[in-house]
Amino acid sequence: MKRHFRHFFLVLLFPYYCIAQQGNTNIVVDSLLQKIATENIDSVLVGLYENVIIEYYESNPIIGIQYANKAIAIAKKNHLDAEVAYLNRLVGHCYFNISNYPKALQYFFTALKYDESKGDKLDAAFDMNSVAMAYRKEKNYDKSLVYYKKAWEVNEQDKRKFDLGNHIQGIGIVFQELKQYDSALTYYLKALDAHTKYKNEGGAKIAKINIGTAYLHLYQYSLAEKYLLEGLVEKKNEKNTHGIAIVANNLTELYNNMANPPAKANIKVSEANKKKYYQQAINYARLSIEASEELGEWDLRESAYSGMSIAQAGLENYKDALASFQKHELYKDSIYNESSKTEIANYTLQREMDIKNSEMETREKDLKFLFAIKEDSLKYAQNLATLRIKEQNHLLLLSSQNLALANKEKDFQRLEFLKTQLELSNSQAMTAEKEKEIRLAKLETDQKEQDIQLARKEALLQAVGKKNTVYVSLLGLILLSAAVGFYMNRLRMRQLKKLVEVRTNIAANLHDEVGSTLSSISMMSQVAKKKGGEGNELLEKISTNSQTMLDSMSDIVWSIRPDNDKLGDIISRIRLFAAETLEEQRIRVEMDIVNDIEKQSIPMELRKDIYLIAKEALINIVKYSQANVAHIIIHIEHKQLIMEIKDNGIGFDEDKTNTLGGNGLKNMKLRAERLKGNLSIKSKPDNGTIILLSIPLDNANT
């Protein structure tokens, strides 16, 4: 499949006749990226990346280049030289499609070096053809001819000659751009012979159209008409809208020249034939406009309206000619002013042009007479229309800028509303926390009153206990019931107090996380609002801080959910975090779970701190270790939970621990001590780092 694409690639990029690929690129790319995410075999991974680049090289070359660089790194690592060459050629064509020809040449030459080293003459010929195309776009015609001829010569030495005519045809295009039409025709005819001989039907069709174009410039109009009309029929049969628009433009130029041939042609045309040719030029211009509008290609429409304007003026239909020329100028401005700001005339010049325009309108009925008297009147009116269109474009640009500023103001208002809502939620959380503290104090007061009543009852029973055996038994039963009730009440109080402490801790965590982030969002929003267009960097920080807050809240919520009380749940969350964080940085993660420990129940406080210790350790590996392998081992030994995290990175001097990781290492040790456990860190320069955590499970369950 790849080899087929390499043959087809040059046809797609062939000058003047690029055919846009159709289809839903997003659906194809999404499917390919899903496969890439799960693929572990590098050679298959490179192939998937190549297919992604093929989807993007024309529609979005910048993204194609990004994926190509990833694929080249994988191919080089695995010594896949053929794929390295092919990927460099793809990147070259991506740069070619955005007109960065020096960069394109750099990658084409790299591909050529690899293909020559592996002795693949066909691929080497493709690379030389690509180099020639880039040099031709830079107007370096001498070098372009050298490499087209080299490609021709090298391809002749290979038995696969399907694309041989493309190299010959490239030589013809160079001579056509140099206006050496005799030489161009010679090579176009040779290209047609090669395409016919080696059964390249698509190349033969393109060669015929090029031959017709060469005959047009050599004033051999009957031959030009024959080849171009054949080409138009073939494009219509193929339903090739792009090709129809191109050939129709060539026919428009042909019939305009046949109606009014240059002096060099030495051809005389009768008035009847002149009108007929101009009318045919108008018909083919309309055909080109219809096709190019369907494709949305402005450059073809610009050329078609130019040809139509000439033909309409030739038929003395000056009003329509002026309208066509205005559209020609409109599309011309849209093409050439896309990357630069429009400049309009100053006030004095504009007023003068308005006066001239008023005069032209009052004399519209005499337009034919004015054209007969003054040959450049049409050009004058055309320049006036061009200036008006430029002014309208400038006003549209100002309108779009004002709309963008209004949208940015709405974004700031939404940020302010979000900040207010978050502050309200935080206030409600603090109020709920105070209500819980009041209820706890009331429960403790009720408990003390119950203790006093029980003491009074006990004293009363002791006073009358000696009266008779019945009262003694009754007293014993009462005391037993009271003791049981007292114990159950005390147990309930301890559980309630513990629950309140947990919730208070959650509220405090949420308050710290949300409060600090809200303050940051508030300050950065105010600064961004003042800076206007320069505030995009602060808005990016707002987005980052908001995501950090969400991640922290997610960790807290996960730790308090009752259905996450198994050691297996902690292991799964650590594995997921490691995959998202380390593997994205090309760090391979190895995880060993010793024995069947995943069903072991773990209290809420313990599982939260274990996960946060592991999370901090993995983040430090990404930030500082420069490792490519991380190993996580979790097991239970002598009622001790053991977690070991190590890497093969650069390590560090343990005496300089304070300079690494900020407060992260200190927080890890504090969490271990809070769980009555121990955390040790062993590291040496160039020998990696080992973090060992041990926590007694019996202490954690108390």
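Is the C-alpha gyration tensor of the stretch 175-327 telling us rounded, prolate or oblate? Criteria: a/c under 1.5 is rounded; beyond that, a/b larger than b/c is prolate, otherwise oblate. It comes out oblate by the Cα gyration axes.
What does the accessible area per residue of the stretch 166-260 come to in Å², with a 1.4 Å probe and no ligands, DNA or RNA counted? Could you put the intermediate results ahead of the total?
Working: 3640 Å² over 95 residues.
In whole numbers, the stretch 166-260 has 38 Å² accessible per residue.
In this structure the stretch 20-91 gives 50 Å² per residue of accessible area when probed at 1.4 Å with all protein chains present.
Sorted by packing (mean other beta-carbon atoms within 10 Å per residue), highest first, where do 247-260, 136-149, 608-621 land? If you can, show how the numbers build up before the last one.
On the way: 247-260: 23.6, 136-149: 16.9, 608-621: 21.8.
The packing order, highest mean first, is 247-260, 608-621, 136-149.
Cβ-Cβ distance of ILE452 and ARG492, R₀ of 25 Å, FRET efficiency by 1/(1 + (r/R0)^6): the value works out to about 0.85. A simple rule links phi to the HN-Hα coupling: the Karplus curve 6.51 cos²θ - 1.76 cosθ + 1.60 with θ = phi - 60°, which for the stretch 167-182 gives 5, 5, 4, x, 4, x, 5, 4, 5, 5, 5, 7, 6, 9, 6, 4 Hz, with x for Gly and Pro. In this simple spin-label approximation, LYS70 and SER43 carry label points 7 Å from Cα along the Cα→Cβ vector, and these lie 2.2 nm apart.
Applying a threshold of 31 Å to the alpha-carbon distances of LYS150/LYS236; LYS76/LYS615; LYS103/LYS226; LYS179/LYS275 flags LYS150/LYS236; LYS76/LYS615; LYS103/LYS226 as lying beyond it.
Counting only C-alpha contacts under 8 Å and six or more residues apart, can you give the relative contact order of the stretch 170-272 as a whole percent? The partial results should precede the final answer.
Working: 92 pairs, mean separation 18.0, N = 103.
About 17 percent, as a whole number.
Shown in residue order for the stretch 626-631 are the 3J(HN,Hα) couplings computed by the Karplus curve 6.51 cos²θ - 1.76 cosθ + 1.60 at θ = phi - 60°: 6, 8, 10, 9, 10, 10 Hz (x for Gly and Pro).
The values are calculated or read from the model by the stated rules, or taken from the named source; none is laboratory data. The model shown is predicted, which means the values in this text are computed figures rather than measured ones. When we count neighbours, we look across all protein chains shown, and the Cβ atoms used for this are built from the backbone with ideal geometry, even at glycine. Only protein heavy atoms, including side chains, enter the accessible area calculation; ligands, DNA and RNA are left aside. Shrake-Rupley method; radii C 1.70, N 1.55, O 1.52, S 1.80 Å.
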